[in-house]
Amino acid sequence: MSLLTLNWMAEDCQRLAECRHDHPFAVLGPQPLESGGWVLRVWMPEAERVELLIDGQSLPMATPNHPWIFEAPWGSDPGTSYQVRVNRGGIEHVQPDPWSFRHEWMGELDRLLFAEGNHHHIWRRMGAHVVEHNGVKGVQFCLWAPNARSVAVLGNFNGWDGRHHPMQARVGGSWELFIPGLKPGEIYKYEVRAQNGHCYQKADPYGFRHEIRPNNGSIVESLAGHLWQDSGWMQERDSRNPLDQPVSVYEMHLGSWMHGAADQPYIEADGTPRPPVPAADLKPGARLLTYPELADRVIPYVKARGFTHIELMPISEHPFDGSWGYQVTGWYAPTSRFGTPDEFRAFVDRCHAEGIGVILDWVPGHFPKDAHGLAFFDGAHLYEHADPRIGEHKEWGTLIFNYSRNEVRNFLVANLVYWFEEFHIDGIRVDAVASMLYRDYLRPDGEWLPNDHGGRENTEAVTFLQQANHVLFEHFPGALSIAEESTTWPMVTQPTNIGGLGFNLKWNMGWMHDMLDYFELDPWFRQFHQNNVTFSIWYAFTENFMLALSHDEVVHGKSNLLHKMPGDDWQKFANVRALLAYMWTHPGKKTIFMGMEFGQRAEWNVWGDLQWELLQHDSHQGLQRLVDDLNVFYKSERALWGDDFSEFGFQWIDCNDNRHSIISFMRRESATGKWLVVVANFTPQSHSHYRVGVPLEGFYEEAFNTDAERYGGSNLGNLGGKFTDQWGIHGYDQSLDLCLPPLSVLVFRRDEIRSQQLDEDTCDEATDSGALLG
């Protein structure tokens, strides 16, 4: 061996020992010799003895270059056909040589697509994958860290010592290593060393499972475990336009909907109890439910309430319960608080079996600064902007993704596809879209940077959102993509090919705030604020809106929905019934937060559970029955959803009676030409003879009445319906003389059969009169 080769080997050995080597494949594994033949080098820190097992032979390996590099000559390239017997600390084991597996995991096309930001299935390359190479089972690790000096895999399998498994740098900034023998369930991290020598232990950004907080390691997980049973659901979903369907969403937080008893653990399939998840802030004796337990309890409950979808607040892995899941560190992993990824898949599968869609909250706007997460990932600002004026939300203590970097956009876009493809979810609600769209969001002057055109718009975020929605609907045409966007940014729900952001729904934050402000008023003052009720119709058809009464409105001193209402307890419940019925009859899809359906009294507490004990009282049962019936009625009446986003679908009858705080309108649908008449009385004053104009004479059945006794109301109404009178009002020749209960919403439907009978009777009367005259 030449002096040059010896010097080169000495430098390589030193770099390996100091965890500074970025190309261990250049030194380790089968290496050709200048003189001919091959040498097999094995890196085994702190091993006393290593033997080469090949072709039925056992050959001792020497350490001529470094005490931890064991080598032996061989006549030809053996590939991966050998093993080594290692003696370390008196313990002997046999294993394949990790550095004999020299193939490139990320192919040229993978690297190209990722660099362009267009690898929609990048999680199939990045992360930890249970695979088999040349008949040897193990785990293939792949990480993107282009600024790192070196990267190593850490785990119990190497004593969390970064010297044992250095990774190979590849073109494009990725790092790879196959470790034979590892299996699902292995905990691991990456040891990332920066160019300045600083060392960071990072969880896998593409990890499919992570430890339960406060631990933060990643866990090797196979994606191929669950056998889906929902092919019919998936085919039907993607063959229709979700906007042409009824959508009624139950928003919930899995960790605080209901708890189990700590002394009654979940029993695994093999009969062993699962240790309860530690959570010091839960009430004494409580524990988090598992995904299987939640499936057993949540799905029948939501189905009984009649909702079409469940919306889950973020379940991507997050370290702090108090963030409600909105500060994500494990983007590709359902939180382990409730169980395994396959158990969550089974939860979604059961939802689909019961006719319930699943929507996830998705948070691409920011991420936390936790040391094991994405922040300063490879010793540089990789996922976030370096300049805090565009890279940090100081008020939230989080960092903002650098949407101008292709690989970062790819990380997020592929994550969106991942949840739909691997977990069969049906929709997303994108959190805090406004914070992404504006560079000056929650920033005082001088603490934000304008864009290249001098404006406040975040053009990079716009490009990202357009790409995300375009890719989503390209793969899953029946999906829901819902924007929580609180400003007047134009074309949020318009297609990307005409300059829109590409969502198909947007939360109507204006309606929510206007209506809550209105209902919090003493009813006498509502006459001066009629505009709060009617204003939403002025802009209702500028976007595809979803009406939402969300979790944000029942926390931080805002009180829960029931206790926002004025008056005594009867009036509070009547107000809530009227608000919910107006919401269900107003144009737009629907979302309410858990607990509102039965009148939760306390504010939502992420460490508590809902006040289920309230359902022993008639008033709370009545409100729950109202929501049940609203959903049944809503889904059965196409007029309430068939033309949600067309001006044809809504027609005021009278919006100007502010003196009585009464409104009346029609919901119409174009497919059959049918319509409903809605009359809302928002004061405690009942009216025994209140006229409402209608377009056709006939009998109008009282199809829904929020004042019904079964809901806890006073049971005033119209004895099942009313015939019209020839009394012109509101621009119509016909009208109904109605009894309006206090704080109520009534819905009337023209009864075709009885109306036809009225026409025949009228015709008979005219004939008889003619005969007499003759």
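Values in this text are rule-based calculations from the coordinates and carry no lab data. It should be emphasised that the depicted structure is a prediction, and the values quoted were computed from it without experimental measurement. A quick note on method: Cβ atoms are made from the backbone with ideal geometry, for glycine too, and the neighbour counts reach across all protein chains shown.
Leaving out same-chain residues fewer than 8 places away, which lysines sit with a Cα under 29 Å from that of LYS590? Candidates past the 8-residue exclusion: LYS303, LYS506, LYS558, LYS564, LYS572, LYS635, LYS674. With q set to 0.11, 0.17, 0.18 Å⁻¹, the log10 of I(q)/I(0) for the stretch 68-147, from the Debye formula over equal scatterers at the Cα positions, is -0.45, -0.86, -0.92. Net charge of the neighbourhood of VAL277, taken over other residues with C-beta under 15 Å away and scored Lys/Arg +1, Asp/Glu -1, is -3.
Hey, with R₀ at 25 Å, roughly what FRET efficiency would HIS513 and TRP652 work out to, going by the Cβ-Cβ distance, to 0.05?
Details: r = 22 Å, r/R0 = 0.87.
That gives a FRET efficiency of 0.70.
The shape of the stretch 638-759 can be summarised by an equivalent ellipsoid whose semi-axes, obtained from the alpha carbon gyration tensor, come to 21, 17, 15 Å from longest to shortest.
Each peptide among 678-690, 439-451 gets the average number of other Cβ atoms lying within 10 Å of its residues, and from highest to lowest they stand as 678-690, 439-451.
Seen through its C-alpha gyration tensor, with square-root eigenvalues sorted a ≥ b ≥ c, the stretch 250-299 comes out oblate because a/c lies at 1.5 or above while a/b is not bigger than b/c. Using Cβ counts within 10 Å as a stand-in for footprinting exposure, how do VAL171, VAL50, VAL606 rank, fewest first? Ranked by crowding around the Cβ, least crowded first: VAL171, VAL606, VAL50.
Taking every C-alpha pair closer than 8 Å and separated by at least 6 residues, the mean separation divided by the residue count of the stretch 241-636 gives a relative contact order of 16 percent.
Looking at the square roots a ≥ b ≥ c of the eigenvalues of the Cα gyration tensor of the stretch 108-219, which shape do they give, rounded for a/c under 1.5, prolate if a/b is larger than b/c, or oblate? In terms of gyration-tensor shape, rounded. Report the residues of the stretch 551-591 in range of a label on ALA602: point 7 Å along Cα→C-beta, backbone N strictly under 16 Å from it. Output list for this probe position: 554-563.
Residue separation times 0.36 nm, minus the C-alpha to C-alpha distance between ASN134 and GLU752: what's the value?
Result: 215.1 nm gained on full extension.
Here the dipole of the chain is about 1560 debye; that uses its Cα centre as origin and unit charges on the Cβ of Lys and Arg (positive) and Asp and Glu (negative). The order of CYS199, CYS351, CYS19, going from fewest to most other C-beta atoms within 10 Å of their C-beta, is CYS199, CYS19, CYS351.
Rounded to the nearest 10 degrees, the inclination of helix 509-519 to the longest alpha-carbon principal axis of the chain is 50 degrees.
Count Lys and Arg as plus one, Asp and Glu as minus one, and take only other residues whose Cβ is under 13 Å from that of ARG88; the net charge is then -2. Distance between the pseudo-spin-label points of MET491 and PHE535 (7 Å out from Cα toward the beta carbon): 2.7 nm.
Stretching HIS23 away from VAL555 to a fully extended chain increases their span by 186.3 nm, per 0.36 nm per residue minus the current alpha-carbon distance.
In order along the stretch 254-270, phi translates into HN-Hα couplings of 4, x, 10, 6, 7, 10, x, 8, 4, 8, 10, x, 5, 9, 5, 4, 8 Hz, rounded to whole numbers, per the Karplus curve 6.51 cos²θ - 1.76 cosθ + 1.60 with θ = phi - 60° and x for Gly and Pro. With contacts defined as alpha carbon pairs under 8 Å and 6 or more residues apart, what's the relative contact order of the chain in percent? Contact order relative to length: 8 percent.
In terms of packing, defined here as the mean over residues of other Cβ atoms within 10 angstrom, the peptides 416-429, 253-266 line up highest first as 416-429, 253-266. Using R0 = 25 Å, the C-beta based FRET efficiency linking LEU112 and LYS394 works out to 0.10. When the Cα centres of the stretch 84-137 and the stretch 10-52 are compared, how far apart do they sit, in Å? So the two Cα centres are separated by 18 Å.
By the count of neighbouring beta-carbon atoms within 10 Å, fewest first, MET436, MET512 end up ordered MET512, MET436.
With a ≥ b ≥ c taken as the square roots of the eigenvalues of the C-alpha gyration tensor of the stretch 3-100, please select rounded if a/c is under 1.5 and otherwise prolate if a/b is larger than b/c or oblate if it is not? Here the stretch 3-100 falls in the oblate category. Relative to the longest principal axis of the Cα atoms of the chain, helix 341-353 runs at roughly 30 degrees. Taking a point 7 Å out from the Cα of LEU719 in the direction of its Cβ, the residues of the stretch 681-711 whose backbone N falls within less than 16 Å of it are 688-690, 699-702.
If packing is taken as the average count of other Cβ atoms within 10 Å, what order do 116-127, 577-588 fall into, highest mean first?
Details: 116-127: 20.2, 577-588: 23.6.
The densest-packed peptide leads the list: 577-588, 116-127.
Charged neighbours of ILE356, selected by a Cβ distance under 13 Å, balance to 0 (K, R count +1; D, E count -1). Of all DSSP bridge pairs formed entirely within the stretch 241-636, close to 30 percent run antiparallel.
To the nearest ten degrees, helix 752-773 and the longest principal axis of the Cα atoms of the chain are 20 degrees apart.
Working note: Karplus 6.51/-1.76/1.60 with θ = phi - 60° gives the stretch 546-560 the couplings 10, 7, 9, 10, 9, 4, 4, 8, 10, 9, 6, x, 7, 6, 7 Hz, where Gly and Pro are set to x.
Simple spin-label estimate for VAL171 and ASP440 gives 4.6 nm between the two label positions (7 Å along the Cα-to-Cβ direction from each Cα).
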